[in-house]
1. Hey, does segment B:13-28 have a residue that's of a type in the set (D, E, K, R), exposed (fewer than 13 other Cβ atoms within 10 Å of the Cβ) and within 21 Å of B:THR98 (Cα to Cα)?
2. How many residues are within 14 Å of chain B (Cβ to nearest Cβ), more than 11 Å from the chain's Cα centre (by Cα) and not acidic (Asp, Glu) when one looks only at segment A:9-56?
3. Of all strands (runs of 3 or more DSSP E) completely enclosed by segment A:1-47, which ones contain at least 1 residues that are of a type in the set (Phe, Trp, Tyr)?
4. Are there strands (runs of 3 or more DSSP E) fully within segment B:42-96 with at least 3 residues that are open to solvent by 40 Å² or more (accessible area, probe 1.4 Å)? List them.
5. From (1) open to solvent by 50 Å² or more (accessible area, probe 1.4 Å); (2) touching a Phe, Trp or Tyr at 6+ places or on another chain (Cβ under 8 Å); (3) within 11 Å of another protein chain (Cβ to nearest Cβ), pick out the condition that doesn't hold for B:GLN6.
6. Is it true that A:GLU79 is among the acidic types (Asp, Glu), surrounded by fewer than 18 Cβ atoms within 10 Å (Cβ to Cβ) and outside any loop (DSSP other than H, G, I, E, B)?
7. Hey, among A:PHE73, A:PHE99, A:PHE89, which residue is aromatic (Phe, Trp, Tyr) and more than 10 Å from chain B (Cβ to nearest Cβ)?
8. Go through (1) within 10 Å of chain A (Cβ to nearest Cβ); (2) charged (D, E, K, R); (3) open to solvent by less than 10 Å² (accessible area, probe 1.4 Å) for B:LYS103 and report which single condition fails.
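The values are calculated or read from the model by the stated rules, or taken from the named source; none is laboratory data. Worth saying up front: this structure is predicted, and the values here are computed from it rather than measured. Every residue, glycine as well, gets a Cβ built from its backbone with ideal geometry; the counts of neighbours run over all protein chains shown. Just the protein is used for accessible areas: all its heavy atoms, side chains included, with ligands, DNA and RNA removed. Shrake-Rupley method; radii C 1.70, N 1.55, O 1.52, S 1.80 Å.
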Amino acid sequence: GENVEQHPSTLSVQEGDSAVIKCTYSDSASNYFPWYKQELGKGPQLIIDIRSNVGEKKDQRIAVTLNKTAKHFSLHITETQPEDSAVYFCAASMDKIIFGKGTRLHILP
Amino acid sequence: DTGVSQNPRHKITKRGQNVTFRCDPISEHNRLYWYRQTLGQGPEFLTYFQNEAQLEKSRLLSDRFSAERPKGSFSTLEIQRTEQGDSAMYLCASSPGTGANEKLFFGSGTQLSVL
């Protein structure tokens with residue numbers, strides 16, 4: 001089955017700087033790659049997703065890139081703000097969504 | 001509130017007892033998923049329903065776990081003879097369509113503690 005690896009597990013960046021989270025997946029048949037944000041005491045919430053026929057997607061300060069050949073995908077957050085502090089999960093899916101272990105992002109004042 | 005609702009939010013039980021959780025998905029969402037999340041880990045897939053049909057169960061779901069979705073609306077997840085290793089957050093999610101690769105809307109979860 002699908003296996004998703006995510007790193008780093010923890011990331012601290014100065015407010016206003018950029019943050020990058022990287023993931024790899026194992027099943028070349030996966031064709032959907034969502035990213036979820038989880039705040040304390042809440043369920044994960046989708047922030048952006050990308051499909052295998054697209055290499056890059058951007059939504060305001062958030063962008064995702066996908067390299068299907070290398071089976072890598074990444075999340076980029078620019079101009080980070082305090083409210084970006086949370087746990088971020090990458091995921092990959094062919095028939096069900098499999099999550100990575102998460103990255104705890106700290107935005108430092 | 002039209003989001004995914006899970007009850008109870010917290011459940012403390014003694015080892016060996018049975019527990020049941022309920023999930024009310026967003027109205028008219030066809031798919032309903034159960035995930036389990038332990039501290040510092042991502043959600044782990046347990047099972048999912050397409051309307052009332054249970055289409056897949058993870059190997060993580062032992063015989064002590066059973067899930068139902070009668071009439072394709074709310075769902076229940078029952079754990080029999082609970083063990084300390086069952087302690088986790090149990091998350092429910094729903095999606096509107098019939099395809100696999102759609103946005104999941106998660107509830108806030110049921111935190112289970114087995115003493």
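1. The answer is yes, given that some residue of segment B:13-28 is of a type in the set (D, E, K, R), exposed (fewer than 13 other Cβ atoms within 10 Å of the Cβ) and within 21 Å of B:THR98 (Cα to Cα).
2. The number of residues fulfilling the criteria is 18.
3. Ranges flagged: A:19-25, A:32-38.
4. It comes to B:53-57.
5. Unmet condition: (1).
6. No.
7. Among A:PHE73, A:PHE99, A:PHE89, only A:PHE73 is aromatic (Phe, Trp, Tyr) and more than 10 Å from chain B (Cβ to nearest Cβ).
8. The one condition B:LYS103 does not meet is (3).
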